[in-house]
Amino acid sequence: MNAPWPIQLADGATVLRPIRARDQRAWREVNQRNRDWLRPWEATIPPPPPGHLPPRRPTYRQMVRHLRAEAHAGRMLPFVVEYEDRLVGQLTVAGITWGSMCSGHIGYWIDREVAGRGVMPTAVALAVDHCFRSVGLHRIEVCIRPENAPSRRVVEKLGFRQEGTRPRYLHIDGAWRDHLVFALTAEEVLEGLLTRWHRSRPGRSTEIK
């Protein structure tokens, strides 16, 4: 089973759409301007074994080609986040597994200038509803460093269930870091995660394109 792709999801001024090669200039501007803010939470490449050369980080275009190939294979849903017609971040549903598991995990980052406006909770809610209702997944995880308070607030606002800690789970900012695991299953949000989010933010409307 392949994940529906490409698709655009929108709620008010917040839009999720497939990442494109021509987003390079806007993506780089936002990412570079937020370097200091994002660095403590971004994945890094661990040192290679003795005698091996360190791997090179992919270029933007290499990254996009990989993400889109994985999307067409049904293993990933790579989006950029737009707010008020401007690229402000990225959200990826990765590690999509079918069979008896039917699960995936979400990672995201956002421009500090729009943090705290409900943009990322809205984007995550849009992605989760799409995964449960259209893609056919049963479980979504978000793994977050305990120190990353802004990211934790996103899943807490949406009512994700905290399940525990994964010691030394990912190589982040130059070292193996512990992560907290937050999760939802489809049965926990039968009415839709975006509907749950709107209950705390009345007056919003939903549009899926």
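Okay, here's what the table says:
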| quantity | calculated |
| --- | --- |
| Residue, nearest to ASP129 (Cα to Cα), within the range 99-117, restricted to residues that are open to solvent by 60 Å² or more (accessible area, probe 1.4 Å) and of a type outside the set (A, V, I, L, M) | HIS105 |
| SER151 vs. criteria open to solvent by less than 20 Å² (accessible area, probe 1.4 Å) and either among the hydroxyl-bearing types (Ser, Thr, Tyr) or assigned to a strand (DSSP E or B) (or both) | yes |
| Residue list for the range 175-195, restricted to those being open to solvent by 20 Å² or more (accessible area, probe 1.4 Å), not aliphatic (A, V, I, L, M) and not in a strand (DSSP E or B) | GLU187, GLU188, GLU191, THR195 |
| Qualifying positions in the range 99-133 - more than 21 Å from VAL181 (Cβ to Cβ) and in contact (Cβ under 8 Å) with a residue 40 or more places away in the chain | ASP111, ARG112, GLY118, VAL119, THR122, LEU126, HIS130, ARG133 |
| Matching residues, the range 158-174, being touching a residue at least 24 places away in the same chain (Cβ under 8 Å), out of contact with any Lys or Arg (no Cβ under 9 Å at 6 or more places or on another chain) and either open to solvent by less than 80 Å² (accessible area, probe 1.4 Å) or not in a strand (DSSP E or B) (or both) | PHE160, GLY174 |
| Residue in the range 82-89 that is of a type in the set (Asp, Glu), under 21 Å from ILE110 (Cα atoms) and assigned to a loop (DSSP other than H, G, I, E, B) present | yes |
| Identity of the residue in the range 23-68, in contact (Cβ under 8 Å) with a residue 40 or more places away in the chain and not in a helix (DSSP H, G or I), that ends up farthest from PRO4 (Cα to Cα) | PRO46 |
| Scan of the range 1-37 for residues that are open to solvent by 50 Å² or more (accessible area, probe 1.4 Å) and under 22 Å from PHE132 (Cβ atoms), ordered by number | MET1, ASN2, PRO6, GLN8, GLY12 |
| Selection from the range 69-98 of residues that are open to solvent by 20 Å² or more (accessible area, probe 1.4 Å) and among the small types (Gly, Ala, Ser) | ALA69, ALA73, GLY95 |
| Some residue of the range 56-68 being surrounded by 13 or more Cβ atoms within 10 Å (Cβ to Cβ) and within 14 Å of the chain's Cα centre (by Cα) | yes |
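The values are calculated or read from the model by the stated rules, or taken from the named source; none is laboratory data. The structure displayed is predicted, hence computed values, not measured ones. FYI the Cβ positions are ideal-geometry reconstructions off the backbone, even for glycines, and counts take in every protein chain you see. For the accessible areas, the whole protein counts, side chains as well, though only heavy atoms, and no ligand, DNA or RNA atoms are used. Shrake-Rupley method; radii C 1.70, N 1.55, O 1.52, S 1.80 Å.
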